[in-house]
């Protein structure tokens, strides 16, 4: 009986030592993971989100929208009727001045005044670098109104008519000009991102004597007197408001938004992303976010920490719970009375520390760990979240049975 009693007492003492060691290991692991959670690391989530938003921009839709707006503006302008009358009046003056007889009836005219730099958008589609996207957004291109003075254009046409030859016959002074019709090409940008336009103006007419049924003169690139951009057609206006607010720091700028307000999160890592496409930049930042941290003095990949750490906490809590259940079963005498383990000590301070170590510390540590490395996607993130929830459940169960163990010790007194 004595031997059996001694054996039971030794078994209880060994189990108590194992439980205490497991408890201290749990505290040590949580403290280490907590330091990892507070480890200073750059948060790339904002920059990655901006890159994802850049990828949502459909430049083909912007081109199609701008083409339709060009047609609408070109056909709906009051200048479509006012300009031909002004041009006809100017031509009449210049023809009389040159000795010709102007037509008595105004012919039909095709006048176009809207220009869109489609080539610049296509260049962006080719390069697609983050820097080019930022420059493009800051340039805020739109449809431009282009105006050529009708008097300047009329003078250029008459100068060419004066020297025109048809079938080796010059048009003599005093000839009557009939059937005058003006056709102006769509203004196009000479070079992408420039304010220079190329316009071709064609004048169709006929001459009564010598009888010439149809003739034309061409004026290439007449001087542009004025340009102005239609504000509602600018790129920033076309962008979805929600998308624009994600790409631009609206609180530090006024529309049109300046370059320094565009991509506020990407500017923090500008040297890493500026010359890359959004997809390449996203990959680079994701790799940076997965950097290694120190764990027990060993460099370990972040993905392994956010999975192995919570798993280790879960295993320790589970094992500690099993030991507590075992102690409740075998400790029928005063084996618990004098053993120096935090849950068995007398007084509220000991129980407050015990509650912190079993309930608060594991829960706080694992939640902070999940939050700190929330930019890690895929199965790693989901495993970490599931294990964290299980650990919280086991910490509550373990705490409940520890209280029962403490209650049984108090009853022995």
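Note on segment 31-52: residues that are under 26 Å from the mean Cα position of the chain (by Cα), surrounded by fewer than 18 Cβ atoms within 10 Å (Cβ to Cβ) and either at pLDDT 90 or above or in a loop (DSSP other than H, G, I, E, B) (or both) total 6.
The set of residues in segment 322-360 that are buried (at least 20 other Cβ atoms within 10 Å of the Cβ) and at pLDDT 90 or above is empty. The conditions of being modelled with pLDDT under 85, in contact with a strand residue (DSSP E or B) (Cβ under 8 Å, 6 or more places away or on another chain) and surrounded by fewer than 18 Cβ atoms within 10 Å (Cβ to Cβ) are met by residue 186. A single member of 107, 142 is surrounded by 19 or more Cβ atoms within 10 Å (Cβ to Cβ) and either modelled with pLDDT under 90 or part of a loop (DSSP other than H, G, I, E, B) (or both), and it is 142. In the set (1) under 34 Å from the mean Cα position of the chain (by Cα); (2) in contact (Cβ under 8 Å) with a residue 60 or more places away in the chain; (3) on the phi < 0 side of the Ramachandran plot, residue 132 fails one condition alone, (2).
Counted as qualifying within segment 193-305 are the helices (runs of 4 or more DSSP H) with 2 or more residues that are at pLDDT 90 or above, under 15 Å from the mean Cα position of the chain (by Cα) and surrounded by 13 or more Cβ atoms within 10 Å (Cβ to Cβ), namely 241-247, 270-273, 278-289.
The values are calculated or read from the model by the stated rules, or taken from the named source; none is laboratory data. Just so we're clear, the structure is a prediction, and the values are computed from it rather than from any experiment. Reconstructed Cβ throughout: ideal geometry from the backbone, glycine too, with neighbour counts over all protein chains shown.
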